[in-house]
Amino acid sequence: MAAQWNLPALVSLADLGPLDESISQAAGESVGIHPVSRQPGWLVKVYKAPLPGEETKHLTELVNLPSIASDEERAVIAASTSWPVAVVADDPSRALGCVIPAAAAKFRTTFRPPGGPPAERALEIDFLALKDDGFARRGIAAVTAEQRRAVCRNLVAVAELLDRHRLVYSDWSYSNAFWSATDHSVFVIDIDGCAPVRAPNVYQPNWDDPLTPRSEPADRHTDRYRVALLVARCLTGERDRNRALHALGDLQAPALSEVLLDILLSTERVARPSLTALRVALAGQSYVRFPVPRAPLPPRPPAITVPTVPIQPAARPTPVGTGAGAGATGSGDGMRTATAIAAGVIVVLVIALCLAIAIAGS
């Protein structure tokens, strides 16, 4: 069970007391994420600069949203997200940071790569977008198709909740969610960066939405595309978008394949099916499909083949002798052997001649 936050929804850094060392290097909008020593299980995310008034307002609304959410939504928020519970500010109009829950221990695992030392780290959803051999190289247990689907179903439940409340996440990618290898739950981080209706179009390489220009903000339709792409990659173990699209047909789940293809290949942003439709399909239920204008399925990329280089045997000394053993060396080896013997004889004769001349001169 998650720790209970028992301080107000607006606190100052002084209220939190001395902060422990940051568990994260400065990245994105924060300079550090520090455990709150007075509140075990909670972290304070300190921003690089105070948020302007409008963004502070959005953060405050996020903190307050669970109070108006349904019981089912509150359960998703508590179990599967780093939802902020307090704004950190000395001035209520300028947030310095926020308080978020720490991820549970079940979202960490020990990696045991061949030839490398074991190392414990968060199990990012990045590691679900791998084939079985990718799991083996990292020393972690592979997952079944049903387990992949369970993780994706829990992930989409979070995305669906945000969509329902018109919150835009934008940066759906490999590193922004953890998953558990034990119960296949998820933990989505950086929720405090969500914005209502529209948000900056933030994404990692190979996560761009083909129907949303980089110069335009992200919205719920952008989020639907990126969530579907993440799910397709995690279900198939294929990171290449086109390979994942073709691999969807191998899932033996026609409804699921169809809704993912409708989202990813739709030629109209607003025609993309909802995340509710995706969650229903992930649960194995029927997908009632409405006509969606689709782009053609791109050509299947050629199979990747790793060329094998034959191992050359190490050179062996050439046997010298007579009879069957000598004959087995072949004529070329025999000539090289004879040449080497003749050279050795000449060297010996030259040395002997030099010694004789030296003795005579003395």
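The values are calculated or read from the model by the stated rules, or taken from the named source; none is laboratory data. Remember, predicted model here, so these are calculated numbers, not experimental data. We place every Cβ from the backbone using ideal geometry, glycine too, and count neighbours over all the protein chains shown. For the accessible areas, the whole protein counts, side chains as well, though only heavy atoms, and no ligand, DNA or RNA atoms are used. Shrake-Rupley method; radii C 1.70, N 1.55, O 1.52, S 1.80 Å.
Values as computed for the structure displayed
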read-out	value
Residues located in the stretch 229-266, provided they are within 21 Å of the chain's Cα centre (by Cα) and either open to solvent by 50 Å² or more (accessible area, probe 1.4 Å) or not aliphatic (A, V, I, L, M) (or both)	233, 234, 236, 237, 238, 239, 240, 241, 242, 243, 246
Members of the stretch 6-33 that are open to solvent by less than 50 Å² (accessible area, probe 1.4 Å), farther than 24 Å from residue 76 by Cα and either in a strand (DSSP E or B) or hydroxyl-bearing (Ser, Thr, Tyr) (or both)	11, 12, 22, 24, 30, 32
Boolean, residue 202 is within 30 Å of residue 87 (Cα to Cα), free of Cβ contacts under 8 Å to residues at least 60 places away in the same chain, of a type in the set (A, V, I, L, M, F, W, C) and surrounded by fewer than 19 Cβ atoms within 10 Å (Cβ to Cβ)	yes
Within the stretch 149-172, tally of residues that are of a type in the set (Lys, Arg), surrounded by fewer than 21 Cβ atoms within 10 Å (Cβ to Cβ) and within 18 Å of the chain's Cα centre (by Cα)	1
Meets criteria (of a type in the set (Lys, Arg), in contact (Cβ under 8 Å) with a residue 40 or more places away in the chain, open to solvent by less than 60 Å² (accessible area, probe 1.4 Å) and under 25 Å from residue 300 (Cβ atoms)) for residue 226	yes
Residue within the stretch 77-93 that is open to solvent by 50 Å² or more (accessible area, probe 1.4 Å) and either within 23 Å of the chain's Cα centre (by Cα) or closer than 29 Å to residue 234 by Cα (or both) present	yes
Test: residue 122 is open to solvent by less than 70 Å² (accessible area, probe 1.4 Å), closer than 28 Å to residue 16 by Cα, in contact with a Gly (Cβ under 7 Å, 6 or more places away or on another chain) and not polar (S, T, N, Q)	no
Test result for residue 3, at pLDDT below 95 and open to solvent by 70 Å² or more (accessible area, probe 1.4 Å)	no
Matching entry among 175, 185, 215 (being surrounded by fewer than 20 Cβ atoms within 10 Å (Cβ to Cβ), farther than 18 Å from residue 125 by Cα and of a type in the set (Ser, Thr, Tyr))	215
Pairs where the first residue, in the stretch 238-266, is without any contact (Cβ under 8 Å) to a residue 24 or more places away in the chain and the second is assigned to a loop (DSSP other than H, G, I, E, B), C-beta under 7 Å, 6+ apart	244/238; 247/238; 257/251
The stretch 50-74, residues that are open to solvent by 60 Å² or more (accessible area, probe 1.4 Å) and either closer than 27 Å to residue 124 by Cα or not in a helix (DSSP H, G or I) (or both)	52, 72, 74
Hits in the stretch 281-294 (condition: surrounded by 12 or more Cβ atoms within 10 Å (Cβ to Cβ) and assigned to a loop (DSSP other than H, G, I, E, B))	283, 284, 285, 287, 289, 292
Unmet requirement for residue 103, which otherwise passes all of (1) over 16 Å from the mean Cα position of the chain (by Cα); (2) assigned to a loop (DSSP other than H, G, I, E, B); (3) farther than 23 Å from residue 30 by Cβ	(3)
Members of the stretch 146-176 that are at pLDDT 95 or above and small (Gly, Ala, Ser)	150, 157, 159, 170
